[in-house]
Every structure is written in structure tokens, then in C-alpha cells.
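The values are calculated or read from the model by the stated rules, or taken from the named source; none is laboratory data. Keep in mind that what you see is a predicted model, and the values were worked out from it rather than measured. Cβ placement follows ideal geometry from the backbone for every residue including glycine, while neighbour counts extend to all protein chains displayed.
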Amino acid sequence: MFIKKLFFGKLLRKICLVLCISFLFYSSPVYANELETALAETEVTETASSIEITSESAILMEALTGKVLFENNADEVLSPASITKIMTLILIFDALHEGEISLNDMVTTSAYAKSMGGSQVFLEEGEKQTVETLIKCIVVASGNDASVAMAEYISGSEEEFVVKMNEKAAQLNMTNTNFEDCCGLADSDNHYTSARDVALMSRYLITNYPEISDYSSIWMETIIHKTNKGESEFVLSNTNKLLKMNKYVTGLKTGSTSKAKYCLSATAQKDNVELIAVIMAAPDYKTRFSEANQLINYGFSCCRVYTDTDNDSLNELSVKGAIDIDLKCKYEEEFSYAFTNGENNENVTKEISFFEEIKAPVDKGDIVGTIKYYYLGETIGEVNIVADEKIEKAGIKEWFLYALSVYFCKQ
């Protein structure tokens with residue numbers, strides 16, 4: 001009995017000692033902050049080091065800023081299979097927003113569009129579907145026939161549409177890309193892209209046309225085929241099974257052929273962070289999803305995005321050579337920055353500076369100053385201040401009329 005009391009007495013003292021030390025340690029603001037930072041850094045490092053990519057190429061990008069959070073052979077030239085359709089969707093939404101087409105337009109399927117093999121929604125020659133229905137067929141079911149039907153509707157032929165695809169790729173600085181068709185069926189060494197380029201076009205699509213997630217997040221939907229044979233239902237089932245694996249996933253596009261193996265551009269959003277995870281040439285069906293999911297979970301664990309929402313606090317400026325006119329100004333663009341090491345966004349500061357002298361004439365959009373952003377004194381970026389109106393230079397006539405108005409106002 002005595003031995004037991006002695007043992008438990010020593011054990012109790014040790015427990016109390018540990019609790020006291022812990023209390024002192026955590027109650028100190030300095031130690032607590034250092035520990036929080038250390039744990040955050042350890043978590044990020046361990047998570048990053050634990051990422052295992054067996055696919056030939058991969059990249060993880062934060063969508064708002066374009067910052068790359070992880071990459072592995074991201075510039076390797078590979079066959080893209082059906083993730084080619086991301087560019088097809090870009091041109092469709094460009095045409096929609098430019099007013100060239102509308103969602104309710106009826107598109108007639110050609111014999112050529114019907115003849116597409118691979119993944120399809122079995123459109124019949126002469127069958128009519130709305131633009132919106134064909135978008136769903138492309139995004140959800142990866143319909144090759146629907147892609148060609150839309151290419152022909154917008155450009156007259158798939159060949160002309162592919163020319164536009166390559167022109168757009170050049171505009172987006174997709175330096176390792178060349179398209180030969182609009183759906184990814186081409187079994188050609190001249191139809192290629194890279195994981196980085198896929199991330200670039202995915203970023204363009206989701207940031208310029210966020211409504212794409214209304215379609216890419218559809219799990220199942222039924223469309224109606226209306227042909228000379230009558231009406232029949234066809235169920236669209238999403239090829240992106242990652243939608244069921246991660247609740248934050250919003251899209252975007254899968255692809256697979258014997259040449260390309262298994263590819264995926266996955267998008268996900270949580271709070272104010274939006275991610276793009278691209279996997280190319282995965283060895284099997286499941287790997288592309290598991291590795292994309294790995295990247296997304298890592299991205300959400302380490303990435304925090306700062307966005308300057310206070311962008312209306314600019315004073316009007318006087319313009320030399322103009323008569324009693326104050327120039328209205330604005331930020332050229334919204335500033336955002338992606339932090340990846342547990343930094344506190346509240347430590348971001350900004351410095352606004354205008355040019356010493358602004359002379360008329362001033363065109364709308366002319367740069368008149370800058371806003372520089374700092375994190376703990378270190379520059380992290382800048383944004384231009386631009387004129388929000390046009391101001392003409394005053395001539396002799398304007399000055400004479402101004403002098404008359406001042407004179408008579410004083411009478």
C-alpha cells in the first residue's frame with residue numbers, strides 16, 4: 001500500500017509540474033505566437049513534403065493571383081485529351097459575353113459533328129439543341145459531338161475554330177501549347193500542351209466567367225433528344241468524380257486517351273481561396289483524382305489571400321493647364337497577394353503616391369501615380385493609379401471665357 005501511494009504521489013507531482021510549465025509557456029504572448037508560427041510552418045512543410053506525385057506532370061495554382069504553390073514537371077509537353085475542351089469553353093463564353101451568341105440560340109448538329117467518336121452525347125444529324133444544353137454536354141459529359149457542334153456554330157468550321165483556339169492560347173502566354181482539334185481526340189504529336197498552360201487557361205475561364213461553376217458542378221442531369229425518330233432522354237453524368245471526394249471542388253474538366261493517359265484540371269474554392277490543380281499523364285483513373293485532391297488539400301492548408309478592398313479612397317488631383325478642374329482617379333486593378341507561410345494579412349500596409357505634376361491633356365486611363373504594398377516593410381507588389389476621366393488642355397479661348405466668367409461673378 002505504501003509503495004502504491006508513493007508511486008501515485010510521484011506521478012501526481014509530475015503531472016502538476018507539466019501542467020504548470022504548460023500554463024506558463026502558453027500564457028506568454030511571445031512564446032504563444034512563436035509556437036503558433038512554428039506549428040503553422042511545420043504543418044505546411046510536412047504537408048508539402050508528404051505530397052507524392054506519380055503522374056508525369058502536375059501544378060497547383062492560386063487562381064486570383066496566379067501564384068504557383070506546387071509544381072512537378074509543369075512545363076513538360078504532353079497530350080491533353082479532353083481537357084482541350086477548356087479552351088473550347090473559353091471561346092464559347094467569350095462569344096456569349098461579346099453578344100455574338102446567346103444561351104437560348106438553337107444549334108443544329110452536322111453530320112460531321114455526329115460522327116465524332118470517343119465520349120459523346122449521341123447527337124443526331126439535324127438535331128437542334130440550345131447553346132446552354134451543349135455547354136452542359138461539353139462540361140459534364142465531355143461530349144465530343146457537342147464540342148464540334150459549337151465550334152461550327154461559332155466559326156463555321158472546326159478548322160477555323162481551332163485557329164481561334166491557338167490565337168487565344170498565344171494571348172494567354174501558353175507557350176507550350178498547340179491545338180489541332182476542339183475536343184482532344186487528335187492522336188497527334190502536334191496536339192499538345194503542358195500542366196502550366198492548362199492552369200493558365202483554366203484560370204482565365206474561372207476568373208473571367210465564374211458562372212462556369214454552375215455547369216461544372218452538376219453531378220447528373222437529363223437532356224432531351226428531339227429528332228425525326230421522336231423524343232428520348234439522355235442522362236449526363238459528370239466525369240469529374242472529385243466532386244464527390246471533396247466538398248470544396250467546383251470543377252473543371254477531365255480527359256483521357258491511350259496517348260494522354262489520365263488528365264484532370266480540378267478547381268476548388270474555400271473561403272476566399274480558389275485553387276487550380278492540374279494532373280497530366282496519370283497512370284490510372286483513380287490516381288488523377290487522388291493526386292489532385294492531395295494538391296487541393298495542401299493548398300487550402302497553406303494559402304491565405306490578401307485583397308485590398310479599400311480602393312475608393314483617392315483624392316481628386318489638380319491638373320496644370322486645365323481650368324479649375326480636379327481629376328478623378330481610380331485604382332487600375334484590384335490588388336491581391338497569396339501568402340503561403342502562415343503570414344498575418346493584417347500586417348499588410350500600403351503607400352499611395354501621385355506624380356508631382358500632372359499636365360493637361362489627360363486621357364482616361366493615363367497613369368498618374370502608384371500604390372505600393374508592403375508586408376512587414378518588404379514590398380509585395382504595386383498597382384497603378386489611373387485617370388478616371390478625360391481632361392482637355394485649355395486654350396486661349398477657354399482662358400478668355402474663364403476670365404470673363406470670373407469678372408462678372410465678382411460684379
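Of everything in the stretch 296-320 that's at pLDDT 90 or above and among the charged types (D, E, K, R), which residue is surrounded by the fewest Cβ atoms within 10 Å (Cβ to Cβ)?
So the first thing to find is which residues in the stretch 296-320 are at pLDDT 90 or above, and the list is 296-308.
So of that shortlist, the ones also among the charged types (D, E, K, R) come out as 304, 308.
Values: ARG304: 18, ASP308: 16.
The selected residue is ASP308.
Where residues in the stretch 236-276 are under 19 Å from the mean Cα position of the chain (by Cα) and basic (Lys, Arg), which of them is surrounded by the fewest Cβ atoms within 10 Å (Cβ to Cβ)?
The qualifying residue surrounded by the fewest Cβ atoms within 10 Å (Cβ to Cβ) is LYS247.
Step by step: first the residues of the stretch 40-93, then only those that are out of contact with any Gly (no Cβ under 7 Å at 6 or more places or on another chain), at pLDDT 95 or above and assigned to a helix (DSSP H, G or I), then the one that is surrounded by the fewest Cβ atoms within 10 Å (Cβ to Cβ). Which residue is that?
Only one residue fits best here, namely PHE93.
Is it true that LEU103 is under 19 Å from ILE83 (Cβ atoms) and either surrounded by 21 or more Cβ atoms within 10 Å (Cβ to Cβ) or in the same structural domain as SER216 (by TED's automatic domain parsing) (or both)?
Spelling it out, it is not the case that LEU103 is under 19 Å from ILE83 (Cβ atoms) and either surrounded by 21 or more Cβ atoms within 10 Å (Cβ to Cβ) or in the same structural domain as SER216 (by TED's automatic domain parsing) (or both).
Hey, ASN293 hits all of (1) under 22 Å from LEU89 (Cβ atoms); (2) of a type outside the set (A, V, I, L, M); (3) modelled with pLDDT of 95 or more but one; which does it fall short on?
All conditions are met except number (1).
Return yes or no: is GLN129 outside any loop (DSSP other than H, G, I, E, B), polar (S, T, N, Q) and on the phi < 0 side of the Ramachandran plot? Before you say what the answer is, go through the steps one by one.
Numbers: outside any loop (DSSP other than H, G, I, E, B): yes; polar (S, T, N, Q): yes; on the phi < 0 side of the Ramachandran plot: yes.
Yes.
Six or more apart or on different chains, Cβ atoms under 7 Å: show the pairs whose first residue is in the stretch 110-130 and without any contact (Cβ under 8 Å) to a residue 12 or more places away in the chain and whose second is of a type in the set (A, V, I, L, M, F, W, C) and buried (at least 18 other Cβ atoms within 10 Å of the Cβ).
none
Please count how many residues of the stretch 264-300 are in a strand (DSSP E or B) and among the basic types (Lys, Arg).
Step one: of the stretch 264-300, the residues in a strand (DSSP E or B) are 264-270, 273-282.
When the remaining residues are screened for being among the basic types (Lys, Arg), the result is 270.
Qualifying residue count, the stretch 264-300: 1.
Please find, within the stretch 350-379, the residue that is farthest from the chain's Cα centre (by Cα) out of those that are crowded, with 16+ Cβ neighbours inside 10 Å and of a type in the set (A, V, I, L, M, F, W, C).
The qualifying residue farthest from the chain's Cα centre (by Cα) is ALA360.
I need the full set of residues from the stretch 106-122 which are out of contact with any Cys (no Cβ under 9 Å at 6 or more places or on another chain) and in a loop (DSSP other than H, G, I, E, B), in order please. First the steps, then the outcome.
First pass over the stretch 106-122, keeping only residues out of contact with any Cys (no Cβ under 9 Å at 6 or more places or on another chain): 106-115, 117, 122.
Across the stretch 106-122, the qualifying residues are THR109, SER110, SER115, GLY117, PHE122.
Tell me which of these LEU103 doesn't satisfy, since it passes every other one: (1) modelled with pLDDT of 50 or more; (2) assigned to a helix (DSSP H, G or I).
(2)
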